[in-house]
Amino acid sequence: MSDRTRELNQYLTPAWLAEAIIARYFPALGPGDVVLEPGCGDGSFLSALPEGVRGVGIEIDPVMAARAAANSGHQVICGDIRTASFPGAVTAVIGNPPFNLDVVDVILERSLEVLPMAGQAGFVLPAYAFQTPSRVLRYNRDWTIQADHLPRTVFRGLQTPLVFAMFTRDRQPRLIGFSFYLETAAVKALRAEYREILEQARGSVWRTAVVEAMINLGGEASLEMLYSEIAGSRPTSTAFWREKVRQVIQGIGERIGVGRYALPKSLCVAYRHGEPHQPVQAGLCFG
């Protein structure tokens, strides 16, 4: 491994793994396809391409670039992925880029420029690339994403959990195999007092949050007022929490108009000063 490759935190893909990934995730590749391997290292994926498929690699290290071209017989561009010219008519992007998320971001941005709708980019990535909802949802604006775990022991000495992630250009992007990313992002964006209830209260936390919001609004409110109260200054387009609020208020509230509800007397509570989530038996009543 060269100094430059080591600096970029790049691990070279074993030949057998490159071949297995292409067979499993890109089984339809054939003549007429053009496959780009960014950060191609010694060209493992280029070498594993089926006969008749044109491959083009991009590699910043000139020694590795020359090795990749010699190993694979395909064109390899020696240059920086951020500025290198991409070939035309790319139909798939495959690779094991450096484990540097800034580099991964650039590769995804540039892949988006060249791939057609429904085109796919598949990469060996560190699992930490998907550990925060903000990053995953940013990717998900343009891509349907599916990730499968890989054994980290495919790379000697690596301590980082791995995934193989498939990114598909999609007009209605989805997340496959990612649980509660949308929901976590939505809850984190809510007003602090309601986020605290959802994270720390006991019992039916959505019911507790809705009751507190209704009391803060004077005991009656429209659905839109209720949404606005809970969302605060950072509204989210995620429908999940709005649906929870709607279900709760329709279940416990008294409908007093179109889309407007009041808390019934049986549910009215006062909240001790300094302990807003501890109900007592006497207090505010509406209806």
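Throughout, read-outs are computed from the coordinates displayed, never taken from laboratory work. Please read all numbers here as calculations on a predicted model, not as lab measurements. FYI the Cβ positions are ideal-geometry reconstructions off the backbone, even for glycines, and counts take in every protein chain you see.
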Selection from ILE145, ASN100, ALA18, by position along the positive dipole direction of the chain (Cβ)
ILE145
Spin-label model distance (nm) - GLU196 vs ASN100, 7 Å beyond Cα toward Cβ
4.3
With θ set to phi - 60°, apply the Karplus curve 6.51 cos²θ - 1.76 cosθ + 1.60 along segment 124-136 and write out the HN-Hα couplings as whole Hz, x wherever there is a Gly or Pro.
6, 9, x, 4, 5, 4, 10, 7, 10, x, 4, 5, 4
One would report the antiparallel percent of DSSP beta bridges in the chain, rounded to the nearest 5, as 60
Applying the gyration tensor rule to the Cα atoms of segment 1-159 (axes a ≥ b ≥ c; rounded if a/c under 1.5, else prolate if a/b exceeds b/c, else oblate), the class is rounded
Cα gyration tensor shape for segment 92-195, rounded if a/c is under 1.5, else prolate or oblate
oblate
PHE178-LEU112 FRET efficiency (beta carbon distance; Förster radius 22 Å; 0.05 resolution):
0.70
Computed from the beta carbon distance with a Förster radius of 51 Å, FRET efficiency for THR153 and GLN250 to the nearest 0.05 stands at 0.45
How large is the charge dipole for the chain, taken about the Cα centre, if only the Cβ atoms of Lys, Arg (+1) and Asp, Glu (-1) carry charge, to the nearest 20 debye?
800
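In units of 2.2 N^0.38 Å, what is the alpha-carbon radius of gyration of the chain?
1.38
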Separation of the ARG82 and GLN131 label points, Cα + 7 Å toward Cβ, nm
2.4
Please find the FRET efficiency linking TYR25 to LYS188, where r is the Cβ-Cβ separation and R0 is fixed at 51 Å, and quote it to the nearest 0.05.
0.95
